[in-house]
Amino acid sequence: MKGLILAAGRGTRLRPLTHTRPKPVIRLGGKPIIYYAVENLFEAGITEVGVVVSPDTQEDIRQALKDFPGVQINYIVQEQALGIAHAVGTAKEWLGQSPFVLYLGDNLFQRGIKPFVEAFKPGVGAVIALVRVPDPRQFGVAVLDQGRIVKLLEKPKDPPSDLAVAGVYVFSPAIMEIIANLKPSARGEYEITDAIQALMDQGHTVLGQEITGWWKDTGRPADLLDANRLLLVEQKSPTPVVEGHVHDSQITGRVVIEKGAVVKNSTVLGPVHIAQNAMIEGAYIGPFTSVGPNATVRQAEVEFSILEDSAVVEDVPLRLHECILGVGARVTRRNGLPKAHKLVLGDLSSLELA
């Protein structure tokens, strides 16, 4: 069995964070989101993984996965974003006649995907991961009958159930011929839900299986913060794991300080992840915070936040809470007159001033 991860999307709901970088490379809990997808596939016994990328995202995705051991990763370029089924179709030659796991690269699963792979048996056309949600109108929605999916609808206005399609599917090769003959939907995309419905119409068994543990679709900034919180709580050691340098500081709880990171005259209250070569000085780092590689927090307080690579928070008099700072972003104090806020904000930015 092979694995196919989709990572060609532009992540428009996360702009401006995704103006220059694709969503799957944003770091949560110390790793790029897409890294967790490859980990889950590997833990399910899959060592051949294809990643569908766009011309704009391929280099960032390659860099995010360059150090993953034990997995053969192939990159497949989707020139146009025409839907999930279209993305699968671009991998037809690489997939061949192999059954495969389709994994949306921005989804996170607490307990992995092994149960869905194990549920796929000879004679089954597909196994679809399902999750109960309070408002299924934003998802593909499944109707189940004794474990079999009998109907599948894409973002229905009047959902027939609360079972939403999560971001993992296990397919037999039969899906590829259906995708090859699929017609675009009203919005001009080739929908995977239409392909699965056609699979059922041809008499193939499609099983629906609910996930266990939590699941996150990291579509919006609030989802990123919550996913980061959940992943930090999952850090294995209940006591600090320090590979960097700590001087005159208080480190408490589930805290990881990677090699090359420096913490001076600071308080760090876990769960927290501080990546390699970060600098924390005269600072307070509160729970549910990830500090990226080469980032700096000096004379400032940060909690429940995500700081990406080389972000800087320095000499800020107010505590930062529920913040996401992109690569190289800076938050500093203005010295001198006039006393004013100086801002440079990209499209769709959000700012709250106390």
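The values are calculated or read from the model by the stated rules, or taken from the named source; none is laboratory data. Model, not experiment: these values are computed from the prediction. Neighbour counts are summed over all protein chains in view; Cβ atoms, including those assigned to glycine, are modelled from backbone coordinates with ideal geometry. These accessible areas exclude ligands, DNA and RNA; they are computed on the full protein's heavy atoms, side chains included. Shrake-Rupley method; radii C 1.70, N 1.55, O 1.52, S 1.80 Å.
Summary of computed values
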{"item": "Residue ranges of strands (runs of 3 or more DSSP E) in region 117-183 with at least 2 members open to solvent by 30 Å² or more (accessible area, probe 1.4 Å) and of a type in the set (A, V, I, L, M)", "result": "140-145, 148-154"}
{"item": "From ILE46, ILE26, ILE33, residue being modelled with pLDDT of 95 or more and either touching a Leu at 6+ places or on another chain (Cβ under 9 Å) or not basic (Lys, Arg) (or both)", "result": "ILE46"}
{"item": "Residue within region 256-267 that is modelled with pLDDT of 90 or more, within 21 Å of the chain's Cα centre (by Cα) and of a type outside the set (Asp, Glu) present", "result": "yes"}
{"item": "Residue tally, condition in contact (Cβ under 8 Å) with a residue 60 or more places away in the chain, open to solvent by 40 Å² or more (accessible area, probe 1.4 Å) and at negative phi, over region 253-305", "result": "1"}
{"item": "Region 188-226 - residue that is among the polar types (S, T, N, Q) and over 23 Å from GLY83 (Cβ atoms) and, of those, least open to solvent (accessible area, probe 1.4 Å)", "result": "THR205"}
{"item": "Hits in region 19-78 (condition: outside any strand (DSSP E or B), in contact with a helix residue (DSSP H, G or I) (Cβ under 7 Å, 6 or more places away or on another chain), crowded, with 17+ Cβ neighbours inside 10 Å and among the β-branched types (Val, Ile, Thr))", "result": "VAL25, ILE26, ILE33, ILE34, ILE61"}
{"item": "Subset tally (residues that are out of contact with any Asp or Glu (no Cβ under 8 Å at 6 or more places or on another chain) and among the small types (Gly, Ala, Ser)) for region 167-179", "result": "2"}
{"item": "Selected residue (only one of VAL316, VAL291, VAL297, VAL312 is closer than 14 Å to SER266 by Cβ, of a type outside the set (Phe, Trp, Tyr) and more than 21 Å from the chain's Cα centre (by Cα))", "result": "VAL297"}
{"item": "Out of GLU243, GLU234, GLU308, sole residue that is of a type in the set (Asp, Glu), more than 23 Å from GLN110 (Cα to Cα) and either at pLDDT below 95 or surrounded by fewer than 16 Cβ atoms within 10 Å (Cβ to Cβ) (or both)", "result": "GLU243"}
{"item": "Enumeration of residues in region 252-272 that are outside any loop (DSSP other than H, G, I, E, B) and either in contact with a Gly (Cβ under 8 Å, 6 or more places away or on another chain) or under 12 Å from SER237 (Cα atoms) (or both)", "result": "THR252, VAL255, VAL256, ILE257, VAL262, VAL263, LYS264, LEU269, VAL272"}
{"item": "Residue among ALA198, ALA222 that alone is small (Gly, Ala, Ser) and farther than 20 Å from LEU130 by Cα", "result": "ALA222"}
{"item": "Close pairs from region 241-252: first more than 12 Å from GLU281 (Cβ to Cβ), partner charged (D, E, K, R) and assigned to a loop (DSSP other than H, G, I, E, B), Cβ under 8 Å, at least 6 apart", "result": "GLU243/GLU258; GLU243/LYS259; GLY244/GLU258; GLY244/LYS259"}
